[in-house]
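Throughout, read-outs are computed from the coordinates displayed, never taken from laboratory work. Everything quoted here is computed from the prediction, not taken from an experiment. Here the Cβ positions follow ideal geometry from the backbone for every residue, glycine too, while neighbour counts run over all protein chains shown.
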């Protein structure tokens, strides 16, 4: 069958550009035993993919030049040589940026019925699980504690904010527009918000928003925004390093405030992680979700051909919630 | 009884100076029930005391101006109204920088017989326990892993190095003189050493010394020395923040390499701590010690009147092992 895919044409320098991507006409290969042919419904674009476009070691192997880009995707089964899935089934998995993907059934999961299948890329997928395990396993928020979330209006951040509220915490969200912050306060019940783009003195703003200091910092951004957090951490504070989007487009070493002196005087912890335990988290999140918690927002970009553009837009922070391409 | 004590006369700016300390003639107070009068034998001078000379919150309350300086000390009981101790007993505790201290028996511990009582201030005291719990509880070194220790020739560092060797690790020590490094290699069996004062490219030197990357970094110093470590950490590396002596004399925010990006891509951990569990550690260390492990070194400065000078000398790193004043 006639197909189209998006390959890495060249490695980005700084902010990725349309020219770094190449659209190629291809044919779908014949199905092997246990495989299905999927028509793409939704494609996830995620900040961490920037790391895979770079040469050298990160927590996921880099994309090769000329390789199809891969990320989370949702598709409809249109042909099947699998005993598990039949045509019409909606599944999610790690897929190529293609109109059609051929994939082995073992790498696919049925989406949860009754909710939009796109949530498999957001609140009920990798970003939701990242929030769930990062906050609960590393952040370990306790009732009454203050939790600060940067990138709070992104897919991960807004799930973190809601889980922290469920845990009985004071939640302070940092995001890049007044509109996002209104959403965080009015829709998600976040206690206080800071617009880092319009706030001149982040330290004073945070100090005012966190009169009892900061017990948990869920960091999606790094850089100067995070520099304002460390001087306010409490004894035994936990900092969850989930993302550092402020530096993903930089090739220089990241210079700024060293947090180690604050770690020293407060017996604090800074920790990174990769989500591994999948099943439990999805079940618990789905339970909260069908019970009305957590809320989610999606920014849906229309058209397969706009996938690279949707990815690039992540770095100007235009999305509210999960950024997704609808094919 | 005629006494002499050393008080904080003024708060240091930068490197502490003799003028920040004041010698005052006093009288010992009469003994209360359960108290003993101690003649000072050894006084511990420790880098962390610099933090207590600063105004504002740290993990220990600041010294007030005019207050006697306090630190670990070893003394001989010369008078007793305690059922626990009799004249002639040698005890350790948190004591004032005085020729004689009056102290309640509950705050004192008998020193371990058969070894120099000064070890209660070093390898069998706070520095030894700091090494023990910091390395084992946070660093969690596994056989075959690479452990890097900064400030490796200090009281804490050389205990860390030996415990890491006992755990079957490759140990790389960073210290400030060739003589210290010879001691680390020849006496303690450290696998490789780096003299940070004469090494121009710390990163390359570390890379060469750690061909398998770095699994555990026990950090006593912070600053540029530590900046060279983070780019070399392995997945799931553990960084123990024990001290940051490079900035203790600075009043500025600490600017340099932000380690968070490396924490992110390696799912690493950076953690500070305070030792709390006392008894177990001392017993285990004493057991290793009387069995020949760990070795220790002391730099002994003679004379109570030289206590401030011995403290100040810590920041030029002249001491090999525990810096102690002999009264």
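Computed quantities for the displayed model
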item: Residue order, fewest to most surrounding Cβ atoms within 10 angstrom, among A:266, A:284; result: A:284, A:266
item: Order of A:258, A:11 under a 10 Å beta carbon neighbour criterion, fewest first; result: A:11, A:258
item: Centre separation in Å (Cα based) which lies between the range A:189-215 and the range A:38-70; result: 34
item: The range A:48-137: C-alpha gyration tensor shape, a/c 1.5 cut-off, then a/b vs b/c; result: oblate
item: 37 °C / 0.692 mPa s Stokes-Einstein diffusion coefficient of chain A, Kirkwood radius on C-alpha pairs, µm²/s; result: 160
item: Mean Cα-pair separation over length for chain A, i.e. relative contact order, pairs under 8 Å, 6 or more apart, %; result: 18
item: Distance in nm between pseudo-label sites at residue B:235 and residue A:166 (7 Å out along the Cβ direction from Cα); result: 2.9
item: Shielding by partners, peptide B:294-301 (average Cβ within 10 angstrom, other chains); result: 0
item: Taking N as its residue count, the alpha carbon Rg of the protein assembly as shown over 2.2 N^0.38 Å; result: 1.13
item: Percent antiparallel among DSSP beta bridges (both partners in chain B, rounded to 5); result: 55
item: Chain B: angle of helix B:279-290 to the longest principal axis, Cα-based, in degrees nearest 10; result: 80
item: Nearest 10 degrees, 0 to 90: helix B:155-166 Cα axis against chain B principal axis; result: 50
item: Spin-label model distance (nm) - residue B:86 vs residue B:115, 7 Å beyond Cα toward Cβ; result: 2.6
item: Cut-off 11 Å, label 7 Å out along Cα→Cβ of residue A:249, residues of the range A:1-36 by amide N; result: A:13-18
item: Cα→Cβ-extended label distance, 7 Å offset, between residue B:64 and residue B:76, nm; result: 3.4
item: Residue B:318/residue A:4 FRET efficiency (R0 51 Å; Cβ-Cβ; nearest 0.05); result: 0.15
item: Tensor-based shape of the range A:163-311 (alpha-carbon gyration tensor, a/c under 1.5 rounded, otherwise prolate or oblate); result: rounded
item: Average beta-carbon neighbours from other chains, 10 Å sphere, peptide A:46-53; result: 1
item: Cβ-based exposure ranking for A:326, A:86, B:252, in which fewest neighbours within 10 Å come first; result: B:252, A:86, A:326
item: At 7 Å out from Cα toward Cβ: residue B:32 inter-copy label distances (nm, ascending); result: 8.0
